Amino acid sequence: MLKNATITFIGAGNMAEAILGGLIDSGLCTPEQIRCSDISEERLAQLASDFGVGTFTNNVEAIAGANVVILAVKPQIMPAVLPGLSDHWPDDVLVLSIAAGLTCKGLEGDLPAGTRLVRSMPNTPALVKRGITGISGGTHATAEDLDRAEALLRSVGEVVRVDEPMLDCVTALSGSGPAYVFYLAEHLLRGASELNVEPATARKLVVEMISGAAALLDETGLPAEELRRRVTSKGGTTAAAIAAFDEHGVGDGLYAGVMAAHARSLELSGA
């Protein structure tokens, strides 16, 4: 599906690095099949050294002859990038966007008529090949295009297909979600510091707890509420913690955060 395909990344940030690394490590692509374009020559030199991929500072040159072009620049930069490519897109190219909040309709307006586009929302655990990505096809994307995009993104984790309006929800849940977990870990470690727990020990306790809790939620298939009840004995330490969370509005705050992230994703898309 990706054999002999030329894949170009427009933008060479962390997510681009995660995906190209996944493609190479999984054996789906060789370094010779991958090109990266970016304004930072230092960043490009690093990727060339680490992965052996081709590098460009000129987007037009980078996309010449490409079979797949991955739009990996920040959403606010996209309007400055696409117009410069308008007369240079290769024939029969598949465009994959990983930019949050930019709709297929909006992107298609800056692409040649009939361009096959897939929109996606990955997350940062892709950096350790534990990502989860939502994808949706644009107006002209075929089933084969979605299969190709899914195969590409599975190199860094799991993939779910959703209707495009749901991608704003994916953004609010899993796209922004790692930051919510890191926020939780940050404040758990703050408590550990106050209790004079040695930092390395505290970090290990928190990391393994989060990892283990996620595995329990996944493997049991039980609702999060039920698992929380099972560990919350009446009058015990966990009950005291949950009561404090409720008193300080932690649950409502997390809920409000998801809603705010969703609203911002809609705002970015112009919805």
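The values are calculated or read from the model by the stated rules, or taken from the named source; none is laboratory data. Note that the coordinates shown come from a computational prediction; the quantities given were computed from them, not determined experimentally. Neighbour counts run over all protein chains shown; Cβ positions are idealised from the backbone, glycine included. Protein only, heavy atoms only, side chains kept; ligands, DNA and RNA dropped before computing areas. Shrake-Rupley method; radii C 1.70, N 1.55, O 1.52, S 1.80 Å.
Projection of the Cα convex hull of the chain, averaged over all directions and equal to a quarter of that hull's surface, yields 16.5 nm². Neighbours of residue 90, meaning other residues whose beta-carbon lies under 13 angstrom from its beta-carbon, give a summed charge of -2 when Lys and Arg score +1 and Asp and Glu score -1. Between segment 133-165 and segment 1-75, the alpha-carbon centres lie 19 Å apart. Have a look at 80, 72, 240 and tell me which one the Gaussian network model of the chain (Cα, springs below 10 Å) gives the largest fluctuation. Among 80, 72, 240, the largest mean-square fluctuation in the Gaussian network model of the chain belongs to 240. Extension gain, residue 200 to residue 263, is 18.9 nm, computed as 0.36 nm per intervening residue step minus the present C-alpha separation.
Sparse packing (at most 14 other Cβ atoms within 10 Å of the Cβ) combined with a DSSP loop state is found for the following trypsin sites (Lys or Arg not before Pro) in segment 1-109: 3.
In this structure residue 228 has an accessible area near 100 Å², from a 1.4 Å probe over the protein heavy atoms. The modelled label-to-label distance between residue 232 and residue 74, using points 7 Å beyond Cα along the C-beta direction, is 3.9 nm. Between residue 239 and residue 160, the modelled label-to-label distance comes to 3.4 nm, taking each label 7 Å out from Cα in the direction of the beta carbon. Averaged over its residues, the chain has an accessible area of 55 Å² per residue, based on protein heavy atoms and a 1.4 Å probe. Which FRET efficiency, nearest 0.05, do residue 215 and residue 86 yield, Cβ-Cβ r, R0 45 Å? Using R0 = 45 Å, I get an efficiency of 0.45. For segment 85-189, averaging the sequence separation of C-alpha pairs within contact (under 8 Å, six or more residues apart) and dividing by the residue count gives a relative contact order of 25 percent.
Of all lysines in the structure, the ones whose alpha carbon falls short of 29 Å from that of residue 105, not counting any fewer than 8 places away in one chain, are 74.
Taking all protein chains as they are arranged and a probe of 1.4 Å, the heavy atoms of residue 166 leave approximately 90 Å² accessible to solvent. The angle separating the long axis of helix 250-269 from the principal Cα axis of greatest extent in the chain is about 10 degrees. Expressed as an acute angle from 0 to 90° and rounded to the nearest 10, what is the orientation of the C-alpha long axis of helix 177-194 relative to the principal long axis of the chain? The two axes meet at around 40 degrees.
Expressed as a whole percent, the accessible surface of the chain that belongs to carbon and sulfur atoms is 56, based on a 1.4 Å probe. For segment 98-143, the ratio of Cα radius of gyration to the globular rule of thumb 2.2 N^0.38 Å stands at 1.29. Extending 7 Å from Cα along the Cβ direction at residue 40 and again at residue 113 yields two label points whose distance is 3.9 nm. Counting 0.36 nm for each residue step from residue 193 to residue 57 and taking away their Cα separation leaves a gain of 44.4 nm. Taking amide hydrogens as placed 1.01 Å from N in the peptide plane, the amide H of residue 131 sits under 5 Å from those of 126, 157, 158, each at least 5 positions away in sequence or on another chain.
Largest first, the residues 77, 39, 7 sort by 1.4 Å accessible area into 39, 77, 7.
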